[in-house]
Structures are given as C-alpha cells and as structure tokens.
Amino acid sequence: MQYYSKEQLIVAIKKYSNVTKKTPTIKEIEKNRNLPPRSQLLKQFKTWNNLIKQCGLKRNKVWGYHKNELLGFLIEYKRKNDNIPKIKDFTGTQELPSSAPYFRNFGSWNNALKQAGLATNKRDRYTKKELINLLKKKASLLGRSPKGYELDRDKRFPSSASYSDHFGTLNKALQKAGLEVQYYNRKWTKEEIIFWLRRKYNELGKTPGIRDFDKDKNAPAKNTVRKLFGNWTKALRESKIPVKRFHSKTELIELMQKLSKKLNKTPTRTDMDNAKGFPSYAPFVIKFGSYTAACLRAGLTPNDGRNNKIWQGWERHCIEMAKAIYEKVSIKSDSLVDGIPDIYIKEKNLFIDAKTCGYKEFREQVKKYCFNGAKLEFWCIFKGMENRSKKVRYVYAEELAKMMKDIGRNDLSSKCYQFIKNIYSEEQTSLA
C-alpha cells in the first residue's frame, strides 16, 4: 500500500473537489480506487471533517453533535417555521443534521421532540374506543382489514403495537371492530405436522423437502417444524418417511462434471440451481467448504476463481515476494496506467497482478498495461484460462515457491505451498 503524507492527502482531496465542483463525501472516496484509502485519511486527520476543514472546503454535514445542539436545531426550526419539525424536514438538507443522530441520542424522534419541549407529531396514547374507530377508518380506506405493517407505515394511524397493548393482539382488535380476521398465528401440534408430512409425501411421490413446504402457504412453516422436532430429519423419521440420502463427494463431482459437459463450461451456482435432475449448489458448499473448492476437485476452472479472503491474502504474499526479488517496487500506484496494478517494477518495465487463477483472459487488463514495451505477469495459485499474448506470462505458486527457496526465503516458499494446499481444502481459510 502506498503511503501518503498529510500534504499529499490534502492535495488529492482538493484536486478531486475541483473536478467534481463540490465537497466530496467519505463514501465517494471509498468508492474511488484512484484516491487515497479512507484508513490513511482518518489516521492522519482523526475525523473526516478535520480533513475537509484543512482543505478549506465547506463541510457537508456535521457529525458528533452534542444532545443540546440537536435539541437547539429542533427549537430553532419551530421558531422559524411555526410548526413542529418532522423527520422529512431534516432529510436532504445541508443546514440541518439528519434524523440519524436524533435516533442515536434519544431513541426516537418523538423522544427528542419531548426533550425539546415540543409536541409530538404522532400520539402515543389512545383510548380503546379511539383505536377501534381508527381501525375501522383504515379498513374503509383499504376496502379490507388492515395488516400490521400497513398500520405501522401510515403515520396517520396508531401502530399495530398500540392494538396489541390494548387488546392483546391485532386480531382481537379486528374482531372487536367487527372486521374480518385474515391471518391467524396458528399453534401446530406434532400430530398435525406429521399429517402434513405424510400428505406431502403421498402427493409428491418423494421425500418432501423444506422447499416443498415453503411453496405451500397452508403448510406449517419450516421453523415451526424445526422447533417442535429439533430438525427436519427428525420430523421425517417420526413421520416414518424415508430420509433423503445425500450425495457423496464422489457423486457430487461426477454430477458437476456431467453438467459441465452438457453446458460446455464450468456450471455456475445459478446453473446448478436451475438444472433439472441435478442438486442445488448448496450440497457442494456443505461437502467441500465452498463452491470454488468443489469446482477444483472436479478438475474444472471456477468461473470466478477468487475466494475474496484467499485472494486478498495471496495479493499480500505476492507483494512480499516481489519485494524479495526486485527490492524496488511500486505498490498500488494509480499514476502509471489507467487502472491500479498490484505491483510495478520500473527497472524491468514489468507489471505484476496477483490472481487466484486465470478465471478469464483479462483482455482489458492486458490492453491497459502492455504498451510502450511493458510486460505483464499474472502470479496465480493454480492454473486456469491463459491469455495467449506474448506480452503476458503466467507464474504459478509452485514456481514461485522454488524461486523463493533459491534466494533463501524459505518462509515465503513454505507459504506458497500453504496457499496451494488451502485453495483445495474444504475450509478455505484465509492466510494472513
């Protein structure tokens, strides 16, 4: 990672501000890979607003308000506008804080209004008669009985919690109002669930799965089944239904290879889920630790050959190896080409990018980096697709391990073999 001084950070932010014609936000900086990383900015200036201040720019919003300051904004808004401030009044404005610090400091908007000595926008105390009348009014607007979430979203009406507090449940309130109760929270018994499992078994002609119950709205919920029986398998056994046999690792590999031949490519997770007569991708993850590991075991090149944690660890390792070989290297420099190469060796005019494998040909990357005689190397853990350009070379972990051993860096050599072992392992844990 490139290190930036305070002066360089200020210059970078000012330059970005001049281009965009506004004060940048921290989220914009995080998304732009051509700018210094957020961690360095905050390390040097402690807070984002300190940096903005030293750049001589106008702050977007003030963070870290004191409670009294927040209450002051509410009181001042009431004085100027002669009405009680609402959340929407504090949204999308540069002059006022957003509603977020009010919720963090006071728990709710109404609590903040109360502490500011202002009336709340929504009542929180109703009589039973008022609640019934409002429930009937809401039903009249909808043309049917309202649902709990519909009451919660409409600020003109009491929340569903208000009805639960006064009547026990929203359904009881609906009954009191003479309205139709559409949904019941039914309490299932074991016998009823066994009946449903047997019914589905006969209906489908096979062992019912969780998905079969999810598709039927009248069936008990999967979580209800698990709660009463412990897990789905125990429920099947108590229902005297044969438990579905899961595929072995060998069978899964054969099925993946079969689908690969059918599609003429490595099947993606979506391909697995949509293919008739094949299992979903879930058992591959369960058996092999990750879908990528399953592809590798099947002798296939993963579509996206990078498990992010492994790739990030491999990238750091490649940087250490490049330093051991070439000593003078540029890391993550955005001033060399249109992009940010992992490593650049000036004396060799060589770019190096760390990849878990060649999961595609990286044609755009080759086009960007390989000009003015520059060459590109991809340092990979295992073999995948390769770009045929003469300007590109692929160097794999085994070769890198031997190179490290030859220069006396047995620690880096051993780590190469760890990465090779790890990429094929079922855990696929990351290496620091």
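For the reader, a short list of remarks on this structure follows.
- Lysine-lysine proximity count for the range 128-176, Cα under 15 Å, sequence distance 8 or more or distinct chains: 19
- For the chain, the Kirkwood hydrodynamic radius comes to 28.6 Å, computed from all pairs of different C-alpha atoms.
- Value of D in µm² per second that Stokes-Einstein yields for the range 128-176, Kirkwood Rh from Cα pairs, at 25 °C (0.890 mPa s): 235 µm²/s
- Calculated diffusion of the range 308-424, Stokes-Einstein form, Kirkwood radius summed over Cα pairs, 4 °C and 1.567 mPa s, µm²/s: 90 µm²/s
- Taking other Cβ atoms within 10 Å as a rough exposure proxy, His247, His66, His166 sort from fewest to most as His66, His247, His166.
- From phi via Karplus (6.51, -1.76, 1.60), per-residue ³J(HN,Hα) for the range 35-47 in Hz, x at Gly/Pro: 9, x, x, 4, 4, 5, 4, 6, 5, 7, 10, 6, 10
- Cβ-to-Cβ counts within 10 Å put Thr233, Thr268 in ascending order as Thr233, Thr268, the fewest first.
- Divide the volume of the convex hull around the Cα atoms of the range 85-185 by the residue count and you get 126 Å³ per residue.
- Hits among aspartates and glutamates - C-alpha to C-alpha of Lys421 under 13 Å, sequence gap 8 or more where chains match: Glu398
- The range 6-54 pair-distance distribution - Cα-Cα, 5 Å bins, rounded %: 4, 21, 40, 27, 7, 0
- Amide H contacts under 5 Å for Tyr396, placed H, 5+ residues apart: Cys380
- Most positive-pole-ward Cα, Ile407, Phe284, Pro97, against dipole of the chain from beta carbon charges: Pro97
- Note, ³J(HN,Hα) from phi for the range 256-268, Karplus 6.51, -1.76, 1.60, rounded to Hz, x at Gly and Pro: 5, 5, 5, 5, 4, 5, 5, 8, 6, 6, 6, x, 7
- Each of Trp188, Trp314 was scored by other Cβ atoms within 10 Å of its Cβ. Listed from fewest to most, they are Trp188, Trp314.
- Helical contribution to [θ] at 222 nm, DSSP H n ≥ 4, -39,500 (n - 2.57), averaged over the chain, rounded to 500: -15000 deg cm²/dmol
- Under the Karplus curve 6.51 cos²θ - 1.76 cosθ + 1.60, θ = phi - 60°, whole-Hz ³J(HN,Hα) for the range 24-33, x wherever Gly or Pro sits: x, 9, 5, 5, 5, 5, 4, 7, 9, 6
- Sorted from longest to shortest, the spans of the Cα atoms of the range 190-238 along the three principal axes equal 24, 21, 16 Å.
Bear in mind that the values in this text are calculations on the coordinates, not laboratory data. What you see is a predicted model; the values in this text were computed from it and never measured. When we count neighbours, we look across all protein chains shown, and the Cβ atoms used for this are built from the backbone with ideal geometry, even at glycine.
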